[in-house]
Amino acid sequence: MPEIASVDDLTARVREVGDALVVAQTLDSDLAREQSKAEGDVDQVRSRSDRDQQRLDAGQVSSPRELENLQSEIASLARRRSDLEDIVLEVMERREAAQSDVSQLSAERAKLADELAATTAKRDEAFEVIDAEIVATRAARAAVAPDVPAELLALYEKIRASSEGVGAAALHRGRCEGCHLALNPSDLGQMRAAAPDVVLRCEECRRILVRTPESGL
């Protein structure tokens, strides 16, 4: 059944995309923490720079040396703040890409899940048809079996048990429909001369051959 292969393929793809989604979500979470820490560092530097600037603006520093040190620290904090803000921007860009991956993978997984559900439903419908055919075939077999000679029925069951569940096959245009091999002219000649009640057997797969108008005999 093609539906079985499709279900297996879609199940594997859903799992693969799901694993990739977990990786993308984990990266987004890690970047969120990294962004939060970088933004916190920026806030600390900004607060310290603001305090120093207020001291400078308020004229609280009278010593020339202390004034020089304060101005130097303010400049250093400005450079540090600029570097940290660049880090925040870089992390935000990486997180934006990660969030885009999360969104894309989530949509892909949802689409695959819908396809999997639809394909699974088709497979289950096919199973129901097969189950109904099995019930009908068993009923038909039960109706016919009492009319089949016990010896022939026993032979059929024995062959069926060792031949993938197929104990008899049609002889169609000189070919066994069980093993799909053409019979040689000699065997066909013997079958052609056999009486109608003689049980014919395929020399290759040993299944019982059923005569039909299309047998080629």
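Numbers for the structure displayed
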quantity: Cβ-Cβ under 7 Å pairs, at least 6 apart or on other chains, the range 67-96 side touching a residue at least 40 places away in the same chain (Cβ under 8 Å), far side surrounded by fewer than 15 Cβ atoms within 10 Å (Cβ to Cβ) and in a helix (DSSP H, G or I); calculated: 95/32
quantity: Candidates 25, 53 - the one that is in contact with a helix residue (DSSP H, G or I) (Cβ under 8 Å, 6 or more places away or on another chain), of a type in the set (S, T, N, Q), touching a residue at least 24 places away in the same chain (Cβ under 8 Å) and in a helix (DSSP H, G or I); calculated: 25
quantity: Options 102, 135, 129: the member that is of a type in the set (A, V, I, L, M, F, W, C) and either surrounded by 11 or more Cβ atoms within 10 Å (Cβ to Cβ) or modelled with pLDDT under 90 (or both); calculated: 102
quantity: Criterion (of a type in the set (D, E, K, R), modelled with pLDDT of 90 or more and farther than 29 Å from residue 1 by Cα) met by exactly one of 201, 206; calculated: 201
quantity: Some residue of the range 150-164 being within 35 Å of the chain's Cα centre (by Cα) and outside any helix (DSSP H, G or I); calculated: yes
quantity: Among residues of the range 43-97, those that are hydroxyl-bearing (Ser, Thr, Tyr), under 59 Å from the mean Cα position of the chain (by Cα) and surrounded by fewer than 16 Cβ atoms within 10 Å (Cβ to Cβ), counted; calculated: 3
quantity: Hits in the range 201-217 - residues which are loosely packed, with under 14 Cβ neighbours inside 10 Å and without any contact (Cβ under 8 Å) to a residue 12 or more places away in the chain; calculated: 213
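The values are calculated or read from the model by the stated rules, or taken from the named source; none is laboratory data. Quick caveat, the model's predicted, so the values are computed rather than measured. Note that each Cβ is placed from the backbone with ideal geometry, even for glycine, and that neighbours are counted across all protein chains shown.
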